[in-house]
1. Show which lysines lie in cross-link reach of LYS16 when reach means a straight Cα distance below 26 angstrom and same-chain residues fewer than eight apart are skipped.
2. Take HIS82, HIS89, HIS66 and order them by how many other Cβ atoms sit within 10 Å, fewest up front.
3. Count the net charge of all other residues whose Cβ sits under 9 Å from the Cβ of LEU60, scoring Lys and Arg as +1 and Asp and Glu as -1.
4. What are the extents of the Cα atoms of the chain along their three principal axes, listed from largest to smallest and rounded to whole Å?
5. Compute the signed sum of charges (Lys and Arg +1, Asp and Glu -1) over the other residues within less than 12 Å, Cβ to Cβ, of GLU95.
6. On full extension of the chain, what length is gained from ASN36 through ARG21, given 0.36 nm per residue of separation minus the C-alpha to C-alpha distance?
7. In segment 30-104, which trypsin sites (Lys or Arg not before Pro) fall in coil by DSSP and have 12 or fewer other Cβ atoms within 10 Å?
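Taken together, the values in this text are just the output of simple stated rules run on the coordinates, not laboratory data. Remember, predicted model here, so these are calculated numbers, not experimental data. Cβ placement follows ideal geometry from the backbone for every residue including glycine, while neighbour counts extend to all protein chains displayed.
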Amino acid sequence: MYAVIATGGKQYRVEKGGVLRIEKLAAEAGSTVEFNEVLLIADGDQVRVGSPLLTGGRVLATVEKHAKGDKVSVIKFRRRKHYLRQKTHRQPFTEVRITEISAP
């Protein structure tokens, strides 16, 4: 059984017991979060698709940890103009473990 959920402006395919890195959530580690924006739930040959959201579908997950991603260099450069700007960025994320997928 798997589901497709939308959170943080992105869509993810999730399965029970799977670990997922999503955009940072305002929830403490160890707490339970619920995703109501379910787009699709598939159980074997039976597939339920929403238009756009599936009414009554929900996915429960447990927050494992909050952390930052790998460092990314941001460089702006114009040749022969004495222009160089260098910055770095680390995107914060939340790691969740899917505990339950329920269909309507």
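1. Here the lysines satisfying the reach criterion relative to LYS16 are LYS24, LYS65, LYS68.
2. On the way: HIS82 6, HIS89 11, HIS66 15.
Sorted ascending by nearby Cβ count, the order is HIS82, HIS89, HIS66.
3. On the way: positive: ARG58; negative: GLU34, GLU100.
After counting each charged neighbour, the total is -1.
4. 62, 31, 20
5. Around GLU95, the charge tally is +3.
6. Values: separation 15, 0.36 × 15 = 5.40 nm, distance 1.74 nm.
Stretched fully, the ASN36-ARG21 segment lengthens by 3.7 nm.
7. Values: sites: ARG48, ARG58, LYS65, LYS68, LYS71, LYS76, ARG78, ARG79, ARG80, LYS81, ARG85, LYS87, ARG90, ARG97; in loops: LYS71, ARG79, ARG80, LYS81, ARG90.
Here the trypsin sites (Lys or Arg not before Pro) that fit, given the DSSP loop and packing criteria, are LYS71, ARG79, ARG80, LYS81, ARG90.
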